Every structure is written in structure tokens, then in C-alpha cells.
1. Ordered by residue, what ³J(HN,Hα) values in Hz, to whole numbers, does the stretch 228-241 give under the Karplus form 6.51 cos²θ - 1.76 cosθ + 1.60, where θ = phi - 60° and Gly and Pro are x?
2. Beta carbons within 10 angstrom, averaged per residue: use that to sort the peptides 95-106, 144-155, 247-258, 4-15, highest first.
3. At 0.36 nm per residue, and after removing the present C-alpha to C-alpha distance, how many nm does the segment from A189 to T207 gain when stretched out fully?
4. Between S130 and E171, how many nm apart are label points set 7 Å from Cα along the C-beta direction?
5. What shape does the stretch 167-299 take by its C-alpha gyration tensor, where a ≥ b ≥ c are the square roots of the eigenvalues and a/c under 1.5 counts as rounded, a/b above b/c as prolate, and the rest as oblate?
6. Can you tally the net charge around V174? Count Lys and Arg as +1, Asp and Glu as -1, for every other residue whose Cβ sits under 15 Å from the Cβ of V174.
7. Per the helix-only calculation at 222 nm, which mean residue ellipticity applies to the chain, given -39500 (n - 2.57) for every DSSP H run of n ≥ 4 and division by its residues, nearest 500 deg cm²/dmol?
8. Net charge around G2, counting only other residues with Cβ within less than 11 Å of its Cβ (Lys, Arg = +1; Asp, Glu = -1)?
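Rule-based calculations on the coordinates, nothing more; no lab input. Quantities reported herein were computed from a predicted structural model and do not represent experimental measurements. Cβ coordinates were reconstructed from backbone atoms using ideal geometry, including for glycine residues, and neighbour counts include every protein chain displayed.
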Amino acid sequence: MGGVRCFPFPTGAAALEDVTRLARGMTAKAAVAGLDLGGGKAVIIGDPRTVRTPDLLDAFARVIDSLAGRYVTTTDVGMTVADLDRLRRSTAHVVGTSPAAGGSGSSAIPTAVGLFGAMQATVEHLDPGSSLGDRHVAVQGVGKVGRHLVELLVEAGCRVTVADTDPAAVEGLVADHGVAVEPVERIHAVACDIFSACALGATLNPTTIGELRCSAVVGSANNQLADDGCASLMAERGILYVPNYVVNAGGLIAVGDELFGYDEQRVSRRVAGIHDTTRAVLRDAAGAGITPLAAAAERAVQRLAGSPRSAVA
Ligand code: NAI
């Protein structure tokens, strides 16, 4: 399982590289979250503002349907729940549609809830006995996930600074919650406790990592590191990088549950479990003297090796 991303990739090779990397990430995400799902992903090459015509979505749905459930799709960057509802007309192998179309709705809310729990776990790990509510969090990208996250952070009493390439996304949060705003090119360099990358991938590279002024990085963006070596660069700077696929599993947990007969309580319990999984990954990493990225990868490999075939607990 994994979403379909609509993006104007410059070449087919670039699209293939991205989709393969994203699918691999979905496998690790499902394994660490304890889900009995493999990872997959799809891309539609084109500008999401123009390419998503009903005809194209119907054609895409027919391709999904031809795979007979070996790949189950859902939303990702550049796609909406309304698009999924359109796909659902031609194939059963789509989750995360609107409740009216039989789905569990937007996955951004459980993703933000899980991310918030992971931030709490990170603060507890770094400073036992302290609370996230006393902290300053800088959020890069306040779209579907980032906006819900900011609402949870503000409610918890956090100081919040945001940035987004879309001025409208930022204006709403300033008006409703009085959050501070930084230019997009400086948000990663804000002096804060946690930097949260919730925009697109690969915003953490050797240059931006050198400019970070936070204690930890905990964000939803898939593939937020330019490459895995970036986790070591952060460790060398004394910054705790909590792997994105550990902390952003809330959406997958929710939509994946549709395959097993959606159960709201089970979903809430599992999303809340991201807190404990994060703590366990950070504890494993500290105990073994490795990065949390390496500790999470180890967990994924162990779960895949065990590969229990049991139904969802
Ligand atoms: P979205 O497209 O709704 O929001 C992304 C936001 O980032 C937009 O407001 C956009 O204007 C902004 N943005 C783009 N480039 C930026 C930059 N350089 N600096 C600042 N802002 C920038 O996407 P969504 O759903 O909120 O997802 C955010 C990230 O979380 C993505 O990487 C996605 O793959 C990941 N994710 C999303 C899940 C979901 O359930 N929606 C689940 C797991 C991961």
C-alpha cells in the first residue's frame, strides 16, 4: 500500500527513482508501525493543476484494478480525497476516500496526531520529566498535515513558528492562532527546540543541516533527508533526527485499517502507539550508540524477517 503522487517530474527516470524510493519507505513505515502491509507507491507525471482530468483518473484506476489488489493506492502530494473518490468508481483497490465513498477520510489528521505524539516522546527522551508544551517548534510547510500539527501544538501551549511557500496557508494560521512567521528560506535556521519538516522531500541537506539551530528534527515529510548520510551529519552536530517513517505512520495506520474493516478505536490506539514506538527507537539508538535512523531500519528488518501473517490485533 502507498499513495499516488502527482508531480511534474522532469523525466521518466526521475519519476521511477522517486517512486521506488517512496515505495521502499512505505515498506519500512508499515513494518515499524507493526502493520501487515508491504510498501508500494505510484506516480502520475504532470502538473497537478492540469493533468488530473476525469479521463486520466479513470485510466489510472483501470491500471490499479488490473493489479487485482497487489497494490492498493491512496493519496499523496498533488492528489486530493476527491480524486480518490473518482478512482473508487472504477476500482475497489483504493483507500482514504471520503466517508461518503466508503473511506476513512483525510489521512492528514491521524498523521498530525501521530507526529505530535512522536514530538512528546522526543522531548521526554531528551529531557525526562519535561513537557512538549514548554517548547518552541518551527514548522516548515503548513498544508494538510502541518496545519493540523500547528493546531495541536498551539493547544498544548507550545510556541510555534511557521513558513510556507503559499502565503494563504500561513495567513490563516496567523489569524486563528497568532503563530510567528519566517521566510521559507530561513525556517530551518530558526532557534527552536524542534524543527518539523512538513513540506516536500529532501529539504534537509548538508547546507541546511549546517544551519539548523534546534535539538531535534521531527517532521512528516517523506524522504526529508537528501540522503541517509544526512542523519549522521545531524548526529555529529548533536541534533536528534527522528526518522520520518517512524513518526508519520498515522495516515497509513488509518487508511490501512480499511482493508481490515475500519475500526476507529483500533486506529486511535495504534496512532497513539507512535509515541511508544518513537521512544523505543530512540532508546535502542542511544543504547547501541547508533543513529535513530539505523535503529529504525534495524526494527524494520527484524519485523520483515519475522513477517507474522496474523490478522490485525
Ligand atoms: P500538502 O501538499 O497539503 O502540504 C505541503 C505544504 O508545504 C503546502 O502548503 C506547500 O505550499 C508547502 N511547501 C512546499 N514547499 C515548501 C517549502 N520549500 N517551504 C515551505 N513550505 C513548502 O501535503 P501534506 O499532506 O500536508 O503532506 C506534507 C508532507 O507529509 C509530505 O511530504 C507528505 O508526503 C508527508 N506525509 C503526508 C501524509 C498525509 O497523510 N497527508 C502522511 C505521511 C506523510
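1. 5, x, 5, 5, 5, 4, 5, 4, 4, 8, x, 9, 7, 9
2. Taking the mean over residues of other Cβ atoms within 10 Å, the ranking is 247-258, 144-155, 95-106, 4-15.
3. Net length gain for the segment: 5.4 nm.
4. With each label point 7 Å from Cα toward Cβ, the separation is 3.7 nm.
5. oblate
6. Result for the neighbourhood of V174: -4.
7. The per-residue figure over the chain is -15000 deg cm²/dmol.
8. Cβ neighbours under 11 Å give a net charge of +3.
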